[in-house]
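Beneath this line is the structure, given in structure tokens, with notes to follow.
The values are calculated or read from the model by the stated rules, or taken from the named source; none is laboratory data. This one's a predicted model, so the numbers in the text were calculated from it and none came from an experiment. Cβ sites come from the backbone with ideal geometry, for glycine too, and all protein chains shown count toward neighbours. Accessible surface is based on the protein model in full, side chains and every heavy atom, while ligands, DNA and RNA are left aside. Shrake-Rupley method; radii C 1.70, N 1.55, O 1.52, S 1.80 Å.
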Amino acid sequence: MSVPQAAAAGTRRPARRLALIALLLVIGLLVVAGAIRLIGQVTGGSAAARIAPGTVATAGGTGVSLRPVDGGADFYSRFSPSLPADPGFFPIGVWLESVTDPADTVKDKEIGLNTYLEMTGTTNLDLVRAAGMYTITSPIGEHGEETGGWLISDEADMWAGPGDDPWTGNFPGQGDICQPADGQCGYTVQQDILQRLPDDQRLRMANYGKGIAFWQSDEQAARFVNEFADVVSVDTYWFTDRGICGHSEGGRFFDPDQLTMVDGAERLPAELCHRAANYGRTIDRVRALVSPAGSKPVWSFVEVGRPFNEEQYPTIKPEEVVAAVWSSLIHGARGIVYFNHSFSGPCLTQHALREPCYAPVRAAVADVNERITRLAPVLNAPYADGVATVSAGVDLSAKWHDGHFYLIAGSAGGSVAEATFAVPCVGDARITVLDEERTLSADGGTFTDSFIDGNAVHVYRIDGGSSCGAY
């Protein structure tokens, strides 16, 4: 090789080295970038996703207005004896049950029941007391600390009507109710029974039905709600009552153009009528009648079997029971009562939640009751008005408890492929979906989730972010 050739080869080697170094640098940068992307994927790639689960909100900000639950968190402390005023207690009851053996309360407590609303005359109240359970009932036996209140009546709005005519003292099936026979004497019934109750400091409760929910004017219904009882409940069975779809009943909650003609009568189509969200509509109706607004608790009834004699009427499904309960809670119910009787179908019973033939419903009730009991401090906590909104198709309730906002959301009708939640004053936050083993990110105060069908419910705890002025 000549000297010029050797020199040329020597100049090419550094160039190759430089090219190789450049290539290695590019590869290294790509590896680092990939690692950064991988870390971003693991951590969620956002400030919200990097917030540790359970992180409380940062003090400060604005946007929230805290509103106490109906009657106030300490409502039951106004009475004695009473239900517990402990924020960890939420009334979960069953209607017209009997307790004649210690095994009865064992079965009921196993599924999370803590209260009996009305009891049979055969009940041994000593057994209720020994089990640490409570009752609100008409006077039976020797009552004690277990009796937290007196029940005035059941559905007098329906069988006696809105009026002050004299009452004969008869109940349905015993003859004429009012004088005259076609009169209206429901207010008289309530007042007369009130005067007969023991003179003590226990609360008074009344259960109402379709009268105050559908049939009566606001003025008529408001008298039932406000003049007689400290606590009111309402029973409308949207999943199992075919009659409730009529224009003079459940149809009143909807726009007239949503009704259809069926056999010559205006009715709600089944997909609008028989759905969980309507239990919440009923609670809204009754709460709107309370005056002053928010001054007394309203409880919700949910059926667990077939509460009608008509064989063509359906049996409620376990998932429907659960969804009806959550709809009631989202809309402000401060107690849940299960209607425990099945009057038709293959399993006639007065004790549905104790029967093997209702085992799937019993299991579903046990599960939702366990969640309610665990979340009682949240359910009894103030509402966080102004914090959250959600897109169409979802019902939403916001709460503030122990440094966190909680959102309870349920389908308002059918499936929702993507619901958008906005919590703008919160900002970046981690969203823990309780009891579902998953989390979401609220980036800039927005997150999305899906609702698979009309019975879908999610409970979210917001971790981190701003307290929006809650503290």
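Summary of computed values
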quantity	calculated
Number of positions in segment 243-271 that are closer than 16 Å to residue 209 by Cβ and open to solvent by 70 Å² or more (accessible area, probe 1.4 Å)	1
Matching residues, segment 78-108, being within 20 Å of residue 379 (Cα to Cα) and open to solvent by 70 Å² or more (accessible area, probe 1.4 Å)	78, 86, 87
Any chance residue 126 is open to solvent by 50 Å² or more (accessible area, probe 1.4 Å) and in a helix (DSSP H, G or I)	yes
Subset of segment 46-73 (residues that are modelled with pLDDT of 95 or more and in contact with a Leu (Cβ under 9 Å, 6 or more places away or on another chain))	69
Meets criteria (modelled with pLDDT of 95 or more, open to solvent by 10 Å² or more (accessible area, probe 1.4 Å) and within 21 Å of residue 314 (Cα to Cα)) for residue 237	yes
For residue 118: the one exception among (1) out of contact with any Leu (no Cβ under 6 Å at 6 or more places or on another chain); (2) not in a loop (DSSP other than H, G, I, E, B)	(1)
Test for residue 187: is it open to solvent by less than 70 Å² (accessible area, probe 1.4 Å), closer than 23 Å to residue 302 by Cβ, of a type in the set (Ser, Thr, Tyr) and modelled with pLDDT of 95 or more	no
Lone qualifier among 207, 226 - being open to solvent by 10 Å² or more (accessible area, probe 1.4 Å) and either touching a residue at least 40 places away in the same chain (Cβ under 8 Å) or not in a loop (DSSP other than H, G, I, E, B) (or both)	226
All positions within segment 452-469 that are open to solvent by less than 20 Å² (accessible area, probe 1.4 Å) and either over 16 Å from the mean Cα position of the chain (by Cα) or more than 23 Å from residue 371 (Cβ to Cβ) (or both)	462, 463, 464, 465, 467, 468
Every residue from segment 400-442 that is under 12 Å from residue 462 (Cα atoms) and charged (D, E, K, R)	402, 428, 430
